[in-house]
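First comes the structure, then the notes that go with it.
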Amino acid sequence: MESQRLFRFPILRFPNTQAAKAAAIYISGALYAIGFWAMVDASIFSKTVNASVVHVTFVDWIPFICSTLGTITVNMIDKKQLMASDSFGSGSIRWQARLVLFIGCTLLAVGMSGSALLVILKYVVKGYTSMPTLGMALENIYATGSITLSCIILWVVQNVEEDYNYSLAL
Amino acid sequence: MFKLNPLSKLIFLSILIAIGFLNIVLSCALYDNWLPLIDVAIFLVAPLPNALAQSLSSAYEADFLSDSHQEIPIKEFFKFMTGFLVISGIIFPIILFHCHLITHWSLILSVAGGFIIYLSIVLFIVGFKEEPDEYDF
């Protein structure tokens with residue numbers, strides 16, 4: 001029963017009530033909104049008040065799209081398939097679940113590192129480091145970062161819920 | 001919770017929603033720039049996911065009681081969408097302000113108005129919910 005815990009330290013207990021879980025899901029939705037609107041803001045800013053020659057194009061959206069696809073993939077997996085012991089579920093489904101989880105995490109990481117790469121290659125290397133121009137690049141990093149954070153919160157909430165159901169069954 | 005006459009509740013909520021619309025229309029009309037009106041649409045859509053989740057959960061609980069602790073995945077998605085839409089409604093005027101499309105007074109008026117509209121819709125849903133506990137026993 002003790003091995004069902006998510007973290008190794010028993011101090012790290014998350015609040016288990018239904019309201020806390022709902023609040024965490026709301027917060028993760030809010031973080032996703034912040035990420036999405038940061039990208040939209042960068043695009044509108046580039047179109048309207050941008051005085052420099054750099055503009056936000058489709059390339060700037062690729063890290064955001066990768067992060068979003070990663071979030072969707074990671075949170076679509078049924079957690080029971082990952083947690084099931086060997087004797088219980090069939091091995092192939094667990095293997096598939098791990099593969100899909102790996103792909104989702106890779107997409108999230110590609111989104112994060114892709115935004116950093118984009119900032120360095122498109123802005124810093126070419127010398128556009130003054131603030132209003134660099135702001136469009138920084139918003140890219142904020143966007144992928146907050147989407148990754150929202151994905152982490154959703155994942156943790158779902159795992160805490162498994163624990164809660166287990167303790168209730170005993 | 002305090003009990004209110006349904007009629008006075010209704011009048012109070014209608015005044016609240018009128019103030020919200022007044023704020024947003026002022027934010028558009030004073031500066032002759034009708035972009036903040038999109039904010040109304042976002043805040044009107046915002047209560048929809050939770051309302052859908054409410055009807056879904058009541059349909060499920062009628063089926064069986066043993067699994068009532070299990071959160072239905074679609075309900076989690078609806079909660080996610082609610083958080084997304086409410087924050088979107090607040091961020092949208094800020095983005096317009098950041099891109100110099102509206103002035104800062106327009107920003108304040110439209111955020112306040114949108115929030116009041118959302119608040120009044122939520123209060124309407126909460127205030128006129130029927131008590132399901134009486135039929136459980």
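Key figures for this structure:
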quantity: Given (1) in contact with a His (Cβ under 7 Å, 6 or more places away or on another chain); (2) at the interface with chain B (Cβ under 9 Å from one of its Cβ atoms); (3) in contact (Cβ under 8 Å) with a residue 24 or more places away in the chain, index of the condition A:T48 fails; calculated: (3)
quantity: Of all residues making up the stretch B:73-112, the number that are facing another protein chain (nearest Cβ under 7 Å) and outside any helix (DSSP H, G or I); calculated: 3
quantity: Residue within the stretch A:114-125 that is part of a loop (DSSP other than H, G, I, E, B) and facing another protein chain (nearest Cβ under 10 Å) present; calculated: no
quantity: Selected residue [at pLDDT 85 or above, surrounded by 14 or more Cβ atoms within 10 Å (Cβ to Cβ) and of a type in the set (V, I, T)] from B:I95, B:I11, B:I15; calculated: B:I95
quantity: Flag for A:L138 being buried (at least 16 other Cβ atoms within 10 Å of the Cβ) and either of a type in the set (A, V, I, L, M) or not in a helix (DSSP H, G or I) (or both); calculated: no
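The values are calculated or read from the model by the stated rules, or taken from the named source; none is laboratory data. The structure displayed is predicted, hence computed values, not measured ones. Neighbour counts are summed over all protein chains in view; Cβ atoms, including those assigned to glycine, are modelled from backbone coordinates with ideal geometry.
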